[in-house]
Amino acid sequence: GFKCGIVGLPNVGKSTLFNALTNTANAAAANYPFCTIEPNVGQVPVPDPRLYKIAGIAKSANVIPTQLSFVDIAGLVRGASKGEGLGNQFLANIREVDAICHVLRCFEDDDITHVDGRVDPVADADTIETELMLADLESLEGRVQGLTRKVRGGDKEAKATLVVAERAMAVLQDGQPARALDVDGDEETRILKNLQLLTTKPVLYVCNVDEDSAADGNVHTAAVKGMADRQNAGMVIISASVEEEIAQLDDDAEKAEFLETLGLGQTGLARVIKAGYALLDLITYFTAGPKESRAWTVARETRAPAAAGVIHTDFEKGFIRAETISYDDYITCNGEQGAKDAGKMRLEGKDYIVQDGDIMLFRFNV
Ligand code: GDP
């Protein structure tokens with residue numbers, strides 16, 4: 001599955017956000033640095049009203065949303081790239097995620113210690129990014145020697161990798177993240193990805209604000225917005241403590257009412273998940289039937305057999321074809337039979353690129 005890593009300086013609200021996201025209280029939130037030690041992984045259902053419409057039409061007994069994983073990554077401090085604090089562990093954990101959810105403190109509260117003694121989310125973002133850039137530089141420096149040796153031995157792949165590695169180093173030495181590197185074509189993109197740098201991962205800034213700023217943000221979130229725009233990064237405003245309260249309400253009507261009093265249309269969590277989906281360039285397809293309706297996540301541009309493989313590897317290996325109905329046709333024709341009758345069910349082969357919202361039935365050999 002796809003993983004978003006939640007990072008940020010100590011005491012910015014990571015654990016609170018993670019708890020709210022995963023609706024559990026087991027990742028302790030307390031007012032001191034290094035509170036979160038082990039990375040916690042939480043599976044978070046992706047809210048999608050389309051799934052419930054489909055399930056209603058298909059009269060499904062079960063409805064199963066698709067999920068995104070969030071990893072609460074141990075606290076990062078200045079000096080992490082030198083192994084200070086929980087630095088090394090942090091960097092190892094972050095290497096394994098597909099995208100970075102960077103929580104920034106945008107709330108004022110004299111009772112909650114800020115590691116640098118002031119609320120300045122843009123400076124905080126810079127502190128973390130600097131550590132990640134230093135870690136990337138170090139990892140590249142460590143690889144250049146080996147690559148140079150291989151190039152001398154006539155290794156073509158090493159030669160191409162060395163070119164990209166050296167250009168990435170130049171960008172990093174210039175004080176910029178590796179994602180600022182101008183890659184030239186698919187081949188360089190592949191090589192850069194293989195280098196597994198931390199600063200090539202897409203970033204979503206999550207501005208953690210107080211209840212009063214939850215609807216419209218504040219001076220701090222405005223500063224983050226400017227930074228995010230310059231970096232082509234995503235940005236959402238949430239109040240982690242409000243989200244935690246909402247997560248504890250069982251009743252959906254109660255939740256909706258609470259959101260309304262705060263001037264919010266949907267939970268910040270829904271917005272974080274949506275933004276995470278957009279950041280990772282993911283789409284959803286559906287399977288539907290009387291037993292269950294279910295949503296599945298794939299990367300955009302995924303072909304039908306690989307999409308089927310998300311359900312079961314046998315579906316991919318024995319793939320024959322996919323009976324496909326677009327979401328709009330499924331709704332307009334009131335389900336599978338109606339869509340068939342209207343000629344809206346397509347038989348798609350192995351080259352079909354699955355589209356967001358497709359309702360798929362895979363035919364395969366066992
Ligand atoms: P972490 O170290 O980044 O995981 O931060 P925590 O989630 O443990 O939060 C640190 C402290 O800040 C806790 O005491 C939280 O209750 C508090 N906190 C989190 N979000 C907010 C907020 O929006 N407003 C205020 N006033 N306090 C918050």
Enumerate the lysines that Lys255 could reach by cross-link, defined here as Cα to Cα under 20 Å, with residues fewer than 8 away along the same chain left out. Lys274
Whose amide H sits under 5 Å from the amide H of Phe364, counting only residues 5 or more places off or on another chain, with H placed in the peptide plane? Ile320
Would you kindly work out the equivalent ellipsoid of segment 133-279 from its C-alpha gyration tensor and give its semi-axes, the square roots of five times the eigenvalues, largest first in whole Å? 44, 15, 12
Fraction of the pair-distance distribution of segment 179-223 above 14 Å, Cα-Cα pairs, percent: 62
Can you work out D for segment 131-199 in µm² s⁻¹ from Stokes-Einstein, where Rh is the Kirkwood radius over C-alpha pairs, the temperature is 25 °C and the viscosity is 0.890 mPa s? 205
Counting only residues 5 or more apart in sequence or on a different chain, those whose built amide H sits under 5 Å from that of Cys101 are Gly5, Ile6, Val7, Leu204
Taking GluC sites (Glu not before Pro) that fall in a DSSP loop and have at most 16 other Cβ atoms within 10 Å as cut points, what is the longest piece of the chain between them? 109-300
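Just check the chain against the gyration tensor rule for me: Cα atoms, a ≥ b ≥ c as the square roots of the eigenvalues, rounded for a/c under 1.5, and otherwise prolate or oblate depending on whether a/b exceeds b/c.
oblate
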In segment 301-364, if the dipole is taken from +1 on Lys/Arg beta carbons and -1 on Asp/Glu beta carbons about the Cα centre, which of Phe364, Gly335, Leu347 is farthest to the positive end? Phe364
Computed [θ] at 222 nm, helices only, for the chain once each DSSP H run of length n ≥ 4 contributes -39500 (n - 2.57): -13000 deg cm²/dmol
Taking θ = phi - 60°, what integer Hz values does the Karplus form 6.51 cos²θ - 1.76 cosθ + 1.60 yield along segment 321-328, in sequence order, with x for Gly and Pro? 7, 10, 8, 10, 10, 6, 4, 4
Taking all pairs of different Cα atoms in segment 301-364, averaging 1/r and flipping that mean, what Kirkwood radius in angstroms comes out? 11.7
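Greater than 18 Å separation of Cα atoms is the criterion. Which listed pairs, Lys159/Lys193; Lys3/Lys201; Lys201/Lys350; Lys193/Lys225, meet it?
Those over the limit are Lys201/Lys350; Lys193/Lys225.
Read the figures in this text as sums done on the coordinates, not as results from a lab. It should be emphasised that the depicted structure is a prediction, and the values quoted were computed from it without experimental measurement. Cβ coordinates were reconstructed from backbone atoms using ideal geometry, including for glycine residues, and neighbour counts include every protein chain displayed.
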